[in-house]
Amino acid sequence: MDGTPCGPYESDLCVNGRCQKIGCDGIIGSSAKEDRCGVCNGDGHSCKIVKGDFNHTKGRGYIEAAVIPVGARRIKVVEDKPSHSFLAMKDSTKRSINSDWKIELPGEFQLAGTTVRYVRRGLWEKMSAKGPTKTPLYLMVLLFHDQTYGIHYEYTVSLNVTERDDVSEEQRAPEHLYLWTHSSWQDCNVQCGGGMTHTYLHTSQGESLQAF
């Protein structure tokens, strides 16, 4: 039908039974494209790329790796290598991928006002989203045992006028990332019939919180 996208990940539209190229300016046949910042025909200088790596060797369960802020675009999360673990993601509502010990099939999910593509090939995973995000996205990993595990993530965020004019990308200070990790769960205080177990959550700033 006229006005239907030519494919699931394409911006071109079907017009009179043929696939027509549509620029970001909405004009048929236009070559206008969005830059990495989401600006039509932009020069890519109105945003900055944020990159990070998360590596972990101790602990089991869900561990927060990063918080992707509001307005993030071109989000990419990739495991360093195939691993017996799972990427997980959730927003400030109840929308999530692989949370609450429920592992999803690969596909597309609506989180934080954008579409997140989840790909799993054997033991290797990646997540990506065009953005922009309307709420923060919480990137997590689900580990089942102590292991050497690593992921790489990146996204773009807009610069304000002061940053754009006064500070080059190389001069900007890196953003601080606060991480939560936890030790393994302790033994239950009873053998059967209901009891209690606990673990300790630790921040990268040396703070601890006991969880039951």
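The values are calculated or read from the model by the stated rules, or taken from the named source; none is laboratory data. Nothing here was measured: the structure is a model prediction, and the numbers come from that model. So basically every Cβ, Gly included, is an ideal-geometry build from the backbone, and we count neighbours across all protein chains shown. Quick note on the areas: whole protein, heavy atoms, side chains included, nothing else; ligands and nucleic acids left out. Shrake-Rupley method; radii C 1.70, N 1.55, O 1.52, S 1.80 Å.
Within the range 35-51, the residues that satisfy the criterion of being open to solvent by less than 70 Å² (accessible area, probe 1.4 Å) and either part of a strand (DSSP E or B) or more than 25 Å from residue 160 (Cβ to Cβ) (or both) are 40, 47, 48, 49, 50.
When each of 44, 17, 59 is tested for being more than 23 Å from residue 121 (Cβ to Cβ), in contact with an Asp or Glu (Cβ under 9 Å, 6 or more places away or on another chain) and touching a residue at least 60 places away in the same chain (Cβ under 8 Å), the lone residue that passes is 59. Given the structure, is residue 156 open to solvent by 10 Å² or more (accessible area, probe 1.4 Å) and out of contact with any Phe, Trp or Tyr (no Cβ under 6 Å at 6 or more places or on another chain)? So residue 156 fails the test. Filtering the range 87-100 to residues that are in contact (Cβ under 8 Å) with a residue 12 or more places away in the chain and out of contact with any Lys or Arg (no Cβ under 8 Å at 6 or more places or on another chain) leaves 88, 89, 90, 91, 92, 93, 95, 98. Can you pull out every residue in the range 125-140 that is open to solvent by less than 80 Å² (accessible area, probe 1.4 Å) and either in contact (Cβ under 8 Å) with a residue 60 or more places away in the chain or of a type outside the set (A, V, I, L, M) (or both)? Within the range 125-140, 125, 126, 128, 131, 132, 133, 135, 136, 137, 138, 139, 140 qualify.
Look at the range 150-164: where a residue is farther than 28 Å from residue 64 by Cα and a partner is modelled with pLDDT under 95, sitting 6+ places away or on another chain with Cβ atoms under 8 Å, you get 163/48; 163/172; 164/45; 164/46.
Taken over the range 103-124, residues that are in contact with a Leu (Cβ under 9 Å, 6 or more places away or on another chain), in a loop (DSSP other than H, G, I, E, B) and surrounded by 13 or more Cβ atoms within 10 Å (Cβ to Cβ) amount to 1. Count, please, the residues in the range 53-82 that happen to be assigned to a loop (DSSP other than H, G, I, E, B) and modelled with pLDDT of 90 or more. Count: 7. Within the range 3-34, being assigned to a strand (DSSP E or B) and open to solvent by 70 Å² or more (accessible area, probe 1.4 Å) holds for 5, 18, 19, 28, 34. Identify all residues within the range 92-102 that are surrounded by 13 or more Cβ atoms within 10 Å (Cβ to Cβ) and on the phi > 0 side of the Ramachandran plot; write none if there are none. Passing the criteria: only 98. Report, ordered by the first and then the second residue, all pairs with beta carbons closer than 7 Å, sequence separation of six or more or different chains, a first member in the range 68-86 that is closer than 16 Å to residue 137 by Cβ, and a second member that is in a strand (DSSP E or B) and of a type in the set (Phe, Trp, Tyr). The qualifying pairs are 68/155; 72/155; 73/155; 74/155; 75/155; 76/153; 77/153.
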